[in-house]
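Okay, so here's the structure we're looking at.
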Amino acid sequence: MPHGGPHAHSSASWSSIIAGFCSVGFACLLINYRGSLGYGNAFVQDLIGYISEKDVSDCVQVSDFSICFSIFTHKINQLNDFLEQFT
């Protein structure tokens, strides 16, 4: 879920909107892409001149990683279920 602009940030505080999405089965990613506050001036400055490039790239990379991690976790769970037959 994107936060409000390059010079803002997502926090780990309670959000009823995120809780609502999660309660109906959605996974929510709170991405603090380059330009977000809270990670130092260099992190903020890195986005200057590259808006809609580096920030979008960061979001795509996190999404790709999350999909791969989810598939990997699912396969590990399938393997564990299979191996439990023999223990």
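The values are calculated or read from the model by the stated rules, or taken from the named source; none is laboratory data. Note that the structure is predicted; figures quoted are calculated from it, not measured. Heads up, the Cβs are rebuilt from the backbone with ideal geometry, glycines too, and the neighbour counts pull from every protein chain shown.
Scoring P2 on the criteria (1) modelled with pLDDT of 90 or more; (2) exposed (fewer than 13 other Cβ atoms within 10 Å of the Cβ); (3) under 22 Å from F69 (Cβ atoms); (4) not small (G, A, S) leaves a single failure, condition (1).
For D64, the criteria (1) surrounded by fewer than 12 Cβ atoms within 10 Å (Cβ to Cβ); (2) touching a residue at least 24 places away in the same chain (Cβ under 8 Å); (3) part of a helix (DSSP H, G or I) hold in every case but one, which is (2). In the stretch 5-26, of all residues being under 14 Å from the mean Cα position of the chain (by Cα) and assigned to a helix (DSSP H, G or I), the one that is surrounded by the fewest Cβ atoms within 10 Å (Cβ to Cβ) corresponds to C22. Scanning the stretch 50-61 for residues that are touching a residue at least 40 places away in the same chain (Cβ under 8 Å) and not in a helix (DSSP H, G or I) yields one hit, I51. Being loosely packed, with under 11 Cβ neighbours inside 10 Å, aromatic (F, W, Y) and more than 16 Å from the chain's Cα centre (by Cα) is a property that F43 lacks.
Scanning the stretch 27-49 for residues that are not small (G, A, S) and not in a loop (DSSP other than H, G, I, E, B) turns up N41, F43, V44, Q45.
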